[in-house]
Amino acid sequence: MRENSLLKNIYKNKFIYLSLVPTFAFLLTFNYFPAINALYHSLFEWDGIGYEKFIGINNFINLFKDPVFIIALKNVSILAIAGVIISITFPLLAAELTFNLRNLRMQYLYRTMFVVPMVVPGVVILLLWGFIYRADGLLNKILITMDLSNLARPWLGDFKTALYAIIFIGFPWIGSFNYLIYLAGLQSINRELFESSIIDGATRLQQIFYIDIPMLLGQIKLILILTIIGVMQGYTIQIVLTQGGPGYSTMVPGMYMYNSAFQYYKMGYGCAIGTFLFGVILFLTIISRKYIQAPTEFGGAK
């Protein structure tokens, strides 16, 4: 009976289901097929054109014998830790400050100012920071003006500072997307919770730690997952500014995957790097979803 009911429902809404076919066709062609193909070719020695030789898991074994890949893992770990801390704290602080403004016009003004950078192309921002970090750039000129010329250096060309210079890009680190997520979360909190806490004598700082943050755990989890995915997969900064250098001081797995596949024609090895990154991201996503839950999620699970 259930199967007949399901078939009747599908037939009744056949035009809706048919309209979804092109979407799923594109998804299968441009999303799922490349991923499955990469997983398959990670088991081969492959140049990306014609030559193929099945080598099993040797590509994955070689990854952990590859000193460049180990350096890339170390670099991306540092970037991921810094990225998570930055994406969770600074946009939340900005959202809290905006949310607590009593003047609605000023609240609207600050909200607009924090969101405007979202429309600026990311490459433009990176090129601007590249100019700031140049040997004759803005940062060194400021240091020289302050009589701190001994600190001046080519920040992206120095082995000791290049990776940390990348972390500093985007200061004061108030990402517009994360800021809007936090602000929307704050605005959705029931006002009765704030009113009750005020009656109980809670300060605004206590409200932040005992009301705002617990109620924003869903948003924090989302931002955490998106940040991890973005950092683990990303290599835009390296492509635009450093090419993974100097040496391998800013090399990340995504950049090394690109170089292996398209510069060294080791496509199978590049696929293995991509598959490894997929596994790491999937594992971290599952962990974050399991151990970070907002009160609303607990309530919905009952």
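The values are calculated or read from the model by the stated rules, or taken from the named source; none is laboratory data. Values in this document were obtained by computation on a predicted structure and should not be read as measured data. We place every Cβ from the backbone using ideal geometry, glycine too, and count neighbours over all the protein chains shown.
Taking the stated definitions as given, is residue 78 under 23 Å from residue 238 (Cβ atoms) and either touching a residue at least 60 places away in the same chain (Cβ under 8 Å) or assigned to a helix (DSSP H, G or I) (or both)? So residue 78 fits the description; yes.
Only one of the numbered conditions (1) surrounded by 15 or more Cβ atoms within 10 Å (Cβ to Cβ); (2) hydrophobic (A, V, I, L, M, F, W, C); (3) over 18 Å from residue 169 (Cβ atoms) is not met by residue 251, and that is (3). For region 88-119, the set of residues classified as within 25 Å of residue 214 (Cα to Cα), of a type outside the set (Val, Ile, Thr) and under 23 Å from the mean Cα position of the chain (by Cα) consists of 90, 91, 92, 93, 94, 95, 96, 111, 114, listed by residue number. The set of residues from region 228-246 being modelled with pLDDT of 90 or more, surrounded by fewer than 17 Cβ atoms within 10 Å (Cβ to Cβ) and within 14 Å of residue 157 (Cα to Cα) comprises 240, 243, 246.
Candidates are the residues of region 224-246 that are hydrophobic (A, V, I, L, M, F, W, C) and under 14 Å from the mean Cα position of the chain (by Cα); the one that is nearest to residue 79 (Cα to Cα) is 231. If we scan region 183-198, do we find a residue that is of a type in the set (Val, Ile, Thr), within 30 Å of residue 107 (Cα to Cα) and either without any contact (Cβ under 8 Å) to a residue 60 or more places away in the chain or in contact with a Ser or Thr (Cβ under 9 Å, 6 or more places away or on another chain) (or both)? Checked region 183-198: at least one residue is of a type in the set (Val, Ile, Thr), within 30 Å of residue 107 (Cα to Cα) and either without any contact (Cβ under 8 Å) to a residue 60 or more places away in the chain or in contact with a Ser or Thr (Cβ under 9 Å, 6 or more places away or on another chain) (or both). Taken together, 239, 273, 229 contain a single residue that is in contact (Cβ under 8 Å) with a residue 60 or more places away in the chain and outside any loop (DSSP other than H, G, I, E, B), which is 273. Kindly check whether there is at least one residue in region 247-255 that is more than 30 Å from residue 91 (Cα to Cα), among the aromatic types (Phe, Trp, Tyr), more than 17 Å from the chain's Cα centre (by Cα) and in a helix (DSSP H, G or I). No, region 247-255 contains no residue that is more than 30 Å from residue 91 (Cα to Cα), among the aromatic types (Phe, Trp, Tyr), more than 17 Å from the chain's Cα centre (by Cα) and in a helix (DSSP H, G or I).
Hey, among the residues in region 169-188 that are surrounded by 16 or more Cβ atoms within 10 Å (Cβ to Cβ) and in contact with a Leu (Cβ under 9 Å, 6 or more places away or on another chain), which one's farthest from residue 123 (Cα to Cα)? Per the criteria, the residue is 186.
Looking only at region 114-127, residues that are at pLDDT 90 or above, loosely packed, with under 11 Cβ neighbours inside 10 Å and under 30 Å from residue 100 (Cβ atoms) come to 0 in all.
Matching residues to (1) closer than 30 Å to residue 285 by Cβ; (2) surrounded by fewer than 13 Cβ atoms within 10 Å (Cβ to Cβ); (3) within 28 Å of the chain's Cα centre (by Cα); (4) free of Cβ contacts under 8 Å to residues at least 24 places away in the same chain:
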| site | (1), (2), (3), (4) |
| --- | --- |
| 63 | yes, no, yes, no |
| 68 | yes, no, yes, no |
| 71 | yes, no, yes, no |
| 86 | yes, no, yes, no |
| 129 | yes, no, yes, no |
| 136 | no, yes, no, yes |
| 152 | no, no, no, yes |
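The residues on offer are 15, 90, and the sole one that is in a helix (DSSP H, G or I), of a type outside the set (S, T, N, Q) and loosely packed, with under 13 Cβ neighbours inside 10 Å is 15. Remark: residue 53 matches the filter, which requires a residue to be in contact with a strand residue (DSSP E or B) (Cβ under 9 Å, 6 or more places away or on another chain) and either under 26 Å from residue 189 (Cβ atoms) or surrounded by fewer than 16 Cβ atoms within 10 Å (Cβ to Cβ) (or both).
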